[in-house]
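Here it is, the structure, as structure tokens.
The values are calculated or read from the model by the stated rules, or taken from the named source; none is laboratory data. Nothing here was measured: the structure is a model prediction, and the numbers come from that model. Every residue, glycine among them, receives a Cβ derived from its backbone with ideal geometry; neighbour counts consider all protein chains shown. The accessibility values were calculated without ligands, DNA or RNA, using every heavy atom of the protein model including side chains. Shrake-Rupley method; radii C 1.70, N 1.55, O 1.52, S 1.80 Å.
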Amino acid sequence: MEIEPFALERWFDEHEHDADIMLAESGIRSLPADRFDLDPGKLGYVIPTDGDPEFRAEIAARYGRGPDEIAFTVGTQEANFLTFLATLSSPAPPGGDGPGTGTDAVVVTPTYQALYSVPDAIGDAMSVPLEPPTWELSVDRVAEAVDDDTAVIVLNNPNNPTGRYHDEGRVRALYDLAAEHDAYLLCDEVYRGLADDPLPPVASLGDHGISTTSLTKAYGLAGARFGWLAGSPGVVDAAVRWKDYTTISPSLFGQHVAEQALGDREGDILSENRALAREHHDIVADWIADHDLDWHDPVGVNAFLTVPDGFDGSRAFCRAVVEEASVVLAPGDAFGCDDYFRLGFGHETEQLEEGLARVGEVIESRR
Ligand SMILES: Cc1ncc(COP(=O)(O)O)c(C=O)c1O
């Protein structure tokens, strides 16, 4: 098995530690840990290892599903990884008998790299690009790419890096396409909680829908490393058999924080985070107008912006910004879009304003 290095993680590894300001984070700022009870009483494994059954039942109800149709994982990253192992027909899950009927994934791009590179390493991935500058999803183009070898269609909605939130009609059309081909629609919904009016999750659409998500991006609880996948019992069962070989169980500590964040306090946390996202969105919109850049107005806290004039592509621009202004941005070439860069605006207001001022100076210095 061969897999590409994760371009964005490598870029962060090079610069994140030493730079003054991080404007490349894709999620909302972290909540203070002291807002939660941090004592789960003991620190053993979560038993059973796919998560506390009562808590699973509560989360499953969000999808109109039962507790055996949810597995708790270490973040969305693991949930996606296990979903690919479960749905692609080869290799078969431990013990044989998986739900997968094909070897291929059809992936809507640009997207978070793991959603393409992982299925491409396990089987074969095909990309169906969104059309700039509005990043509209063409169901027809996905339909042209899907055939009997397709095991899974992959969508990230709202999308990283573009911030495009594909509408319910298009998502349902992708679901129907997956169902017609006896395949699955996997939707990574990790940014969904930042939308003011979230669409129904894909796992609620029927047996061919799989949703993955976590506490990371919308709740500001990345360090809890707590996520899940929701889907039909066959998919979840195969994923759990693979999970025995990845992390065994999610962290008990993460599950303890999740029980609080997804309980009574959820409404407050999400409205607080959405308000911050709205406020910062307006700051970024003004800055974009001041510097003559273009974007598709995003849902979430990622702006995918055109590289300004005077720079030879996204990496040259981001390198100039980190070297001259000590601000980390995300180069679009990490998403296969060299004319764009991603700016995360979910973190502290002061950092955002200072970071934008510094990036603005670099842009204007070349004009
Ligand atoms: C679309 C998407 N999925 C998954 C992840 C990883 O999230 P988690 O912290 O839940 O593993 C990211 C992180 O940037 C992401 O953008």
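With the condition kept exactly as written, say whether any residue in the stretch 128-136 is without any contact (Cβ under 8 Å) to a residue 12 or more places away in the chain and assigned to a helix (DSSP H, G or I).
There is no residue in the stretch 128-136 that is without any contact (Cβ under 8 Å) to a residue 12 or more places away in the chain and assigned to a helix (DSSP H, G or I).
While we're here: Say whether the condition of being within 22 Å of Leu229 (Cβ to Cβ) and aliphatic (A, V, I, L, M) is met by at least one residue in the stretch 7-23.
Within the stretch 7-23, none of the residues are within 22 Å of Leu229 (Cβ to Cβ) and aliphatic (A, V, I, L, M).
What residue, among those in the stretch 1-26 that are in a helix (DSSP H, G or I) and without any contact (Cβ under 8 Å) to a residue 40 or more places away in the chain, is nearest to the chain's Cα centre (by Cα)?
Of everything passing the filter in the stretch 1-26, Glu9 is nearest to the chain's Cα centre (by Cα).
For the stretch 242-254, name all the residues that are surrounded by fewer than 19 Cβ atoms within 10 Å (Cβ to Cβ) and outside any loop (DSSP other than H, G, I, E, B).
Leu252, Phe253
Of Val307, Val257, Val299, Val284, which residue is β-branched (Val, Ile, Thr) and not assigned by TED's automatic domain parsing to the domain that holds Glu361?
Val257
For the stretch 170-190, state whether one or more residues are part of a strand (DSSP E or B) and more than 21 Å from Gly27 (Cβ to Cβ).
yes
Next question, about the same structure. I'm told Ala143 meets every condition in (1) within 16 Å of the ligand (Cβ to nearest atom); (2) more than 30 Å from Ala330 (Cα to Cα) except one. Can you identify the failing condition by its number?
Going through (1) within 16 Å of the ligand (Cβ to nearest atom); (2) more than 30 Å from Ala330 (Cα to Cα) one by one, Ala143 breaks only (1).
Do you know which residues across the stretch 54-78 are of a type outside the set (A, V, I, L, M, F, W, C) and away from the ligand (no atom under 15 Å from the Cβ)?
Residues satisfying the conditions are Glu54, Arg56, Glu58, Arg62, Tyr63, Gly64, Arg65, Gly66, Pro67, Asp68, Glu69.
If Gly66 passes every condition in (1) farther than 17 Å from Asp50 by Cα; (2) surrounded by fewer than 23 Cβ atoms within 10 Å (Cβ to Cβ) but one, which one does it miss?
(1)
In the stretch 206-229, what residues are part of a loop (DSSP other than H, G, I, E, B), more than 9 Å from the ligand (Cβ to nearest atom) and open to solvent by less than 10 Å² (accessible area, probe 1.4 Å)?
Ala218, Gly220
Could I ask something else about it? Which one of Thr216, Thr246 is in contact with a Ser or Thr (Cβ under 8 Å, 6 or more places away or on another chain) and not assigned by TED's automatic domain parsing to the domain that holds Ala334?
One residue alone meets the criteria, Thr216.
Still on this structure, please answer the following. Output the qualifying pairs, or none if there are none: Cβ atoms under 8 angstrom, residues six or more apart or on different chains, first residue in the stretch 27-53 and at positive phi, second residue assigned to a loop (DSSP other than H, G, I, E, B).
Pairs that qualify, where the first residue is at positive phi and the partner is assigned to a loop (DSSP other than H, G, I, E, B), are Gly51/Ser249; Gly51/Pro250.
Is at least one residue of the stretch 148-155 buried (at least 20 other Cβ atoms within 10 Å of the Cβ), polar (S, T, N, Q) and within 16 Å of the ligand (Cβ to nearest atom)? Break it down stepwise before answering.
In the first step, residues of the stretch 148-155 are kept if they are buried (at least 20 other Cβ atoms within 10 Å of the Cβ); the result is 150-155.
Within this subset, residues satisfying the condition of being polar (S, T, N, Q) are 150.
From what is left, the residues that are within 16 Å of the ligand (Cβ to nearest atom) are none.
No, that holds for no residue.
While we're looking at this one, here's another question. Within the stretch 29-46, can one find any residue that is under 20 Å from Ala79 (Cα atoms) and within 24 Å of the chain's Cα centre (by Cα)?
Checked the stretch 29-46: no residue is under 20 Å from Ala79 (Cα atoms) and within 24 Å of the chain's Cα centre (by Cα).
Mind listing whichever residues of the stretch 177-192 are within 12 Å of the ligand (Cβ to nearest atom) and either surrounded by fewer than 24 Cβ atoms within 10 Å (Cβ to Cβ) or aromatic (Phe, Trp, Tyr) (or both)? Before you say what the answer is, go through the steps one by one.
Step one: filter the stretch 177-192 for residues within 12 Å of the ligand (Cβ to nearest atom), giving 186-192.
Listed by number, the residues that qualify are Tyr191, Arg192.
Ok, one more. Within the stretch 277-310, track down each residue that is in a loop (DSSP other than H, G, I, E, B) and either open to solvent by 30 Å² or more (accessible area, probe 1.4 Å) or hydroxyl-bearing (Ser, Thr, Tyr) (or both).
Asp292, Asp294, Trp295, His296, Asp297, Val299, Asp309, Gly310
Examine the stretch 239-254 for a residue that is within 11 Å of the ligand (Cβ to nearest atom), of a type in the set (A, V, I, L, M, F, W, C) and either farther than 22 Å from Asn302 by Cα or modelled with pLDDT of 95 or more (or both), and state whether such a residue exists.
no
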